[in-house]
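The values are calculated or read from the model by the stated rules, or taken from the named source; none is laboratory data. Note that the structure is a prediction, hence the values are computed from the model and not measured. Because the Cβ atoms are built from the backbone with ideal geometry, glycine has one as well, and the counts that use them run over all protein chains shown. Areas reflect the complete protein model, heavy atoms only, side chains present, ligands, DNA and RNA absent. Shrake-Rupley method; radii C 1.70, N 1.55, O 1.52, S 1.80 Å.
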Amino acid sequence: MELYLKITYLNDFIFCPLSIYFHQLYGDLAERLYYDNPQLDGKAAHSAIDEKRYSTHKNILQGIDVYSDKYKLCGKIDIFDNEKGLLTERKKHIETIYDGYVFQLYAQCLCLREMGYNVKSIRFYSTDDNKVYPQKLPEENPKMLEKFKRTNQEIQLFDVDSYEPKNPDKCRHCIYNDFCDRPLVPKAYRGGT
Ligand code: SF4
């Protein structure tokens, strides 16, 4: 049986390949223990999309399931304006556009296209400060598309047993630190009550 990877794994994998496994095992619990209220508020805002509360306009597709046979990926899109061909991924606050963000947007775009939708432009939207970050389409940025394909391939072939973490800073700020069997350093103290 062929396995389809979740689109969200692309970002997790770049942070640390092991985090995919701990996300699956402890996802909600780790988030509740780690995130403070504003971050959870952000997640609640995003859930409006999952629950299809964002818009009732017939040209706006919200939180629909998408998949790609070619890349063996599946997941959900955030918002797609079918009339404009505009795909938007909202995030609570964007300071840096990480490769993992772009890979997720590419994955959504490629899945939609494989399903027959005409995606003409892609972008991020930072809800906190109301900023829009347009991105090049995959075919307009061959270098990034190649990185996306390579990362996707690496996830498919990843061997969890032989993986050795290398970046203590990531472990220090990782929400799965308490659950992980090989963190390089203890979790950073977050304070609070
Ligand atoms: S604690 Fe370190 S090795 Fe473990 S999942 Fe987090 S980043 Fe990866």
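Quick test for you: out of Lys131, Lys170, pick the one residue that is away from the ligand (no atom under 13 Å from the Cβ) and either modelled with pLDDT of 90 or more or closer than 17 Å to Ile14 by Cβ (or both).
Result of the check over Lys131, Lys170: Lys131.
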Residue that is open to solvent by less than 50 Å² (accessible area, probe 1.4 Å), more than 16 Å from the chain's Cα centre (by Cα), over 18 Å from Leu5 (Cβ atoms) and within 13 Å of the ligand (Cβ to nearest atom), where the choices are Asn141, Asn177: Asn177
Evaluate region 152-159: report whether one residue or more is part of a helix (DSSP H, G or I), open to solvent by 80 Å² or more (accessible area, probe 1.4 Å) and more than 16 Å from the ligand (Cβ to nearest atom). yes
Within region 122-133, considering residues that are β-branched (Val, Ile, Thr) and without any contact (Cβ under 8 Å) to a residue 40 or more places away in the chain, the one surrounded by the fewest Cβ atoms within 10 Å (Cβ to Cβ): Val132
Condition first: in contact with a Lys or Arg (Cβ under 7 Å, 6 or more places away or on another chain) and hydrophobic (A, V, I, L, M, F, W, C). Now tell me which residues in region 95-120 satisfy that. Val119
Considering only region 68-89, I want to know if a residue exists there that is in contact with a Ser or Thr (Cβ under 7 Å, 6 or more places away or on another chain) and of a type in the set (Lys, Arg). no
Taking the criterion of being more than 16 Å from the ligand (Cβ to nearest atom), surrounded by fewer than 16 Cβ atoms within 10 Å (Cβ to Cβ) and modelled with pLDDT under 95, would at least one residue in region 182-189 satisfy it? no
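Restricting to region 105-121, give me the number of residues that are under 16 Å from Lys147 (Cβ atoms) and either among the aliphatic types (A, V, I, L, M) or surrounded by fewer than 22 Cβ atoms within 10 Å (Cβ to Cβ) (or both).
Looking only at that region, the number is 3.
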Close pairs (7 angstrom Cβ cut-off, 6 or more residues apart or separate chains): assigned to a loop (DSSP other than H, G, I, E, B) in region 163-179, of a type in the set (Ser, Thr, Tyr) anywhere: Cys174/Ser19; Ile175/Tyr34; Tyr176/Ser19; Tyr176/Tyr26; Phe179/Tyr26
Checking Leu86 against (1) open to solvent by less than 10 Å² (accessible area, probe 1.4 Å); (2) modelled with pLDDT of 95 or more; (3) more than 13 Å from the chain's Cα centre (by Cα), which test does it fail? (1)
